[in-house]
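Reading through the structure tokens given below for one structure.
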Amino acid sequence: QIQLVESGGGSVQAGGSLRLSCAASAYTYSTYCMGWFRQAPGKEREGVALIYRGGSTYYNDSVKGRFTISQDNAKNTLYLQMNSLKPEDTGMYYCAATTSWCTFSSTYNYWGQGTQVTVSS
């Protein structure tokens, strides 16, 4: 079974940057669509970014131009580079994998524990 472990969260000032990592079990990227999701207190979980098996990406409009999703197949690791962070980006960030269609609304089979991102004004 696939296990996902996030890291790299923290507290930053608005305009700052963070790089999140998600370490996955072997063969994840040859089988799964991977993505990043986030959830702020009292709000619904929302999709942030997706990366397809072939490397194509898809982003929530709210983070386009600021966030970049990427993967290192050799290390079985997923990344989310977050630049120009805003207070609205605050939340718990999760990485996930699905064997279904690569969309935000698909059912994701595996989830990490999450890593907290806090952006102050």
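The values are calculated or read from the model by the stated rules, or taken from the named source; none is laboratory data. Computed from a predicted structure; not experimentally measured. Cβ placement follows ideal geometry from the backbone for every residue including glycine, while neighbour counts extend to all protein chains displayed. Just the protein is used for accessible areas: all its heavy atoms, side chains included, with ligands, DNA and RNA removed. Shrake-Rupley method; radii C 1.70, N 1.55, O 1.52, S 1.80 Å.
Stretched out fully, how many nm does the piece from LYS43 to ASN73 gain, at 0.36 nm a residue minus the Cα gap?
Between LYS43 and ASN73, full extension yields 7.5 nm more.
Compute, for SER11, the solvent-accessible surface of its heavy atoms (probe 1.4 Å) with the complete set of protein chains present, and express it in square angstrom to the nearest 10.
100
Multiply the residue gap between SER17 and ASN109 by 0.36 nm, knock off their C-alpha separation, and tell me the result in nm, one decimal place.
Additional length available on full extension: 30.2 nm.
R0 = 41 Å: FRET efficiency of GLN3 with SER121, Cβ-based, nearest 0.05?
0.70
Roll a 1.4 angstrom probe over the protein heavy atoms and tell me the percent of accessible area of the range 30-107 that is carbon or sulfur.
46
How large is log10 I(q)/I(0) at q = 0.31 Å⁻¹ when the Debye formula is applied to the Cα atoms of the range 30-75, each weighted equally and without solvent?
The computed values of log10 I(q)/I(0) come out as -1.17.
Between ARG53 and LYS86, what FRET efficiency follows from the Cβ-Cβ distance if R0 is 22 Å, with the result rounded to 0.05?
0.10
Measuring with a 1.4 Å probe in the full set of protein chains, what accessible area per residue, in whole Å², belongs to the chain?
Accessible area per residue: 52 Å².
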